[in-house]
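Worksheet: the structure to be examined is printed underneath.
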Amino acid sequence: MTFEVITIFPEIFNSYLGTGVLRKALQKGLIEVKVNNLRDYTVDKHRTVDDYPYGGGAGMVMKPEPLFAAIETLCPERKERRVIVLSPVGRKFEQEMAEELSKEPKRIFLLCGRYEAIDERVRIALVDDEVSIGDYILTGGELPALVIIDAVARLIPGVLGDERSAKEDSFSSGILDYPHYTRPHVFRDMAVPEVLLSGNHREISRWRRKEALRRTLKQRPELLEKIRLSDEDRTLLDELRRKLS
Ligand code: 4HQ
């Protein structure tokens, strides 16, 4: 899996990619991230990447030439690449897209915009997908690029220490994660639920499922419409709804 980032602020990536799980994954060669400086693909003295918008209006627009030069130099054959532009206008990035990308054999180009916008001809001629990480406005596409790299990388076999971790967390099941506890048994008058100390694994599973459903019902009820519920899930949900009303 190779990510080709294109940015005018390559330094942003050093700290995050140089830390923790991603640093290890890069060391082991499980993922590759090439951070390309867009200004290296300019030809003028001032290494200009932006210009005024035709038609007027606020903010600057990213010029097409450096972006075309970067992508065409890094990947002269159009094959074996997927070009993603980070933009609030894009399709929402969710776990499902992370799973898709983690199986993608091609090099994934992540275009990080700054300023107001990117010249539309870049979209038309080069971009395969526009992706948004959420409905808010950031100052650049660098954080969204890191979000995507992070979410995709942890799904690649070998990146997380324990293969179960990626499978068992929130969203892989379609509902929210259950509550977790570690020692001490009692902390500031709050005790760990006894069932977790019981050693009864069927009871523990049932409790976890119920608590996961409780959280989902409270925080993200729409998720319950999207998944297939077992008979036991329905029973647990009925119990939860009865106590709520
Ligand atoms: N951007 N998800 C880059 C975003 C954004 C988002 C605004 C993209 C600024 C220059 N990108 N431009 N949300 O807010 O991906």
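The values are calculated or read from the model by the stated rules, or taken from the named source; none is laboratory data. Computed from a predicted model, the values in this text were never measured in an experiment. Cβ atoms come from the backbone with ideal geometry, glycine included; neighbour counts cover every protein chain shown. Quick note on the areas: whole protein, heavy atoms, side chains included, nothing else; ligands and nucleic acids left out. Shrake-Rupley method; radii C 1.70, N 1.55, O 1.52, S 1.80 Å.
Tabulated data
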read-out	value
Condition met for E130 (surrounded by 18 or more Cβ atoms within 10 Å (Cβ to Cβ) and among the charged types (D, E, K, R))	no
Filter result for E80 (at positive phi and out of contact with any helix residue (DSSP H, G or I) (no Cβ under 9 Å at 6 or more places or on another chain))	yes
Options A70, A145, A117: the member that is within 13 Å of the ligand (Cβ to nearest atom), in contact (Cβ under 8 Å) with a residue 60 or more places away in the chain, over 23 Å from I156 (Cα atoms) and surrounded by 14 or more Cβ atoms within 10 Å (Cβ to Cβ)	A117
Boolean, K79 is surrounded by fewer than 11 Cβ atoms within 10 Å (Cβ to Cβ) and closer than 22 Å to E11 by Cα	no
Residue within the range 149-156 that is closer than 25 Å to L22 by Cα, within 14 Å of the ligand (Cβ to nearest atom), open to solvent by less than 10 Å² (accessible area, probe 1.4 Å) and part of a helix (DSSP H, G or I) present	yes
Identity of the residue in the range 1-42, in contact (Cβ under 8 Å) with a residue 12 or more places away in the chain and either touching a His at 6+ places or on another chain (Cβ under 6 Å) or part of a loop (DSSP other than H, G, I, E, B) (or both), that ends up most open to solvent (accessible area, probe 1.4 Å)	K28
Selected residue (only one of R188, R215, R220 is modelled with pLDDT of 95 or more, on the phi > 0 side of the Ramachandran plot, open to solvent by 70 Å² or more (accessible area, probe 1.4 Å) and not hydroxyl-bearing (S, T, Y))	R188
